[in-house]
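The structure appears right after this line, and notes come after that.
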Amino acid sequence: MSDSEPQPGVRDWRDPLRVDGPPGPTTPATHLVVGFDRHNASHVALDYAIGLASALNAHLHVVHVIDTDDLPIDPDAADWDRAISEVVERERASACSMLGALPGNWSYHAHRGNPAHLLSSIADANDASMIVLGAPRHGRASLVDRLLGESVSAQLIHHGHRPVLLVPEHSPASARLSRTAE
């Protein structure tokens, strides 16, 4: 077996993944797309999107783009593919656990590729009302990305045609939305 082949019993992280949640009690009125990764701002955005999807009776599409944050530090490690697969599986399990708060009408997607393009493609395929993202991270790399227009939010805002909702990392999130929907 070569280093680039997945080990038996381990899902190949290179293959696109879609997990559909249970059908909701009613047909969704709209669709929302939310970007998801391991960072806290992303978890807050998903929490907010869950409350928004509930309030709007929307199908929620959670999109995890497999990128350098998911890759192990040592690309020469013998278990490199297994390590990536484990990280991707932890992300899926984390998102699906959070989605348990939504009675249904959700899907989880994990793909490799350009984050803005993938988010936009899934939003377009489902005629989503908006794309929800966690606020951009802080730090020099994030600042450079924003200045060069490389951040996902900047790309979606400047080149996309759907509204983009940026959720601050310290947002009180979905609890308030759920109460207003009742």
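Annotations
- Our estimate of slack between residue 124 and residue 101, defined as 0.36 nm per intervening residue step minus the Cα-Cα distance, is 5.7 nm.
- Highest mean packing first, where packing is the average number of other Cβ atoms within 10 Å per residue, the peptides 21-27, 124-130, 113-119, 31-37 line up as 31-37, 113-119, 124-130, 21-27.
Only the coordinates and a few stated rules stand behind these numbers; no lab work does. Given the structure is predicted, the values throughout are model-derived calculations rather than measurements. Every residue, glycine among them, receives a Cβ derived from its backbone with ideal geometry; neighbour counts consider all protein chains shown.
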